[in-house]
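Here is the structure we will look at, set down as structure tokens.
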Amino acid sequence: MRVAVVHDWLCNYAGSERVLEQILAIYPEADLFTVVDFLKAEDRAWLAGRPVRTSFIQRLPFARRWFRLYLPLMPLAVEQLDLGGYDLVISSSHAVAKGVLTTGDQLHVSYVHTPMRYAWDMHHEYLSRPLVSRGIGSALARCVIHYIRFWDQATAHRVDAFVANSRFVARRIRKTYRREVEVIYPPVDTETFFEHSARDDYYLCVSRLVPYKRIDLIVDAFTRTPQRRLVVIGDGPQLAELAERAGPNVTLMGHQPRHVMRDAMQRARAFVFAAQEDFGIAVAEAQACGTPVLCYGKGGATESVIDGQTGVFFTEQTIGSLLDAVERFEAVPDDFDPREIRRNAERFGNDRFREEFEAMITRLWRQFRGESATVRPSGRKRAKTLSTGG
């Protein structure tokens, strides 16, 4: 059985790439396709030298820095990826990967991190940004997103089976594509992220610095309470803006190596998360370190955080609501047992993801082929037998 794995794009090592890493661990002989690959050399170790096949956008002018501006071409680009020689196609999609072309003899399973945010639930938020909020830029952006939305919905019929990374995303898939969906929570590295006995007196936020993550809300809230320290790890287009509005009690560390981020999670008093996220792997990693989480009580984070046991929810994305959660947490800090917090995170481990994902693929392949054959699975210390066809 020949396997192709299709990912939207490779530009950093974030949540969707951690899912991709584990899928490739299950199928180490799979070929990897993506629209563009601009991963830095220091972020490529998890690919273990695997070749990456890219689309024509990889070679377009200024693509390395501005490839997202080629969004109108991405439907065409992903449809040009030649997957004709494969039996199983797995797409890891938060944008266009699920739109690849397959035939009736190929099984296409799509692991959806989210339906395209800018085309659906965050449509108006994206169009309110300065460059596209008025004039010709606004008209052009609205036309492009309108076209992308139609294409995105139409290509849902190309997928044989959808898998969502949370119940929250599963509801959005049903609403957007009118398709039934399974849920397999994303993998969390509970072996590398572990409990640490020493704690420092600071709150931590780890995130890409983009508007929908609402790091501005967290920075503003802690700037108003100078007696509390906040450390922010992450890079993105909002870094300069956040640096200007941050008080002296707020430290913006920018991008940091993974071991530095892990150490900060292990020592933090609590982890702060203000986005309505699809799942939030960083939230689960913080809990794997035994660190309580203060998070917005909507979205996928509510499926990994237990209010009052492993963290505290705040109900509105406002400074007042966030600070109220901080005060409620500080009133009863001993109620949060690091060992119990870690045990909650252990249900999302890497091994669990690989077992659930491989079992699902085996079942879907049997249903798709309607017959049995034996193939050798891959990436496991102990070999198993998959019953498949073809």
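Give segment 247-268 a look and list any residue that's buried (at least 19 other Cβ atoms within 10 Å of the Cβ) and either touching a Leu at 6+ places or on another chain (Cβ under 8 Å) or free of Cβ contacts under 8 Å to residues at least 12 places away in the same chain (or both), or say none.
VAL250, LEU252, ALA264, MET265, ALA268
Suppose the filter is in contact with a strand residue (DSSP E or B) (Cβ under 7 Å, 6 or more places away or on another chain) and closer than 16 Å to TYR111 by Cβ; does VAL19 pass it?
Criteria met by VAL19.
So how many residues does segment 157-176 have that are in contact (Cβ under 8 Å) with a residue 40 or more places away in the chain, within 20 Å of the chain's Cα centre (by Cα) and either not assigned by TED's automatic domain parsing to the domain that holds ASP87 or not in a loop (DSSP other than H, G, I, E, B) (or both)?
Of the residues in that region, 10 qualify.
Taking the criterion of being in a helix (DSSP H, G or I) and closer than 28 Å to ASP337 by Cβ, would at least one residue in segment 239-259 satisfy it?
Yes, segment 239-259 contains at least one residue that is in a helix (DSSP H, G or I) and closer than 28 Å to ASP337 by Cβ.
Applying the selection to segment 52-69, what residues are surrounded by fewer than 18 Cβ atoms within 10 Å (Cβ to Cβ) and touching a Leu at 6+ places or on another chain (Cβ under 9 Å)?
Those that are surrounded by fewer than 18 Cβ atoms within 10 Å (Cβ to Cβ) and touching a Leu at 6+ places or on another chain (Cβ under 9 Å): VAL52, ARG53, PHE56, LEU60, PHE62.
Scan segment 55-69 and tell me whether some residue there is under 30 Å from PHE150 (Cα atoms), over 21 Å from the mean Cα position of the chain (by Cα) and touching a residue at least 40 places away in the same chain (Cβ under 8 Å).
Taking every residue of segment 55-69 in turn, none turns out to be under 30 Å from PHE150 (Cα atoms), over 21 Å from the mean Cα position of the chain (by Cα) and touching a residue at least 40 places away in the same chain (Cβ under 8 Å).
Filter the strands (runs of 3 or more DSSP E) completely within segment 278-390 down to those with at least 3 residues that are closer than 30 Å to THR223 by Cβ, assigned by TED's automatic domain parsing to the domain that holds MET261 and modelled with pLDDT of 95 or more.
In segment 278-390, the matching strands (runs of 3 or more DSSP E) lie at 293-296, 311-314.
The values are calculated or read from the model by the stated rules, or taken from the named source; none is laboratory data. It should be emphasised that the depicted structure is a prediction, and the values quoted were computed from it without experimental measurement. So basically every Cβ, Gly included, is an ideal-geometry build from the backbone, and we count neighbours across all protein chains shown.
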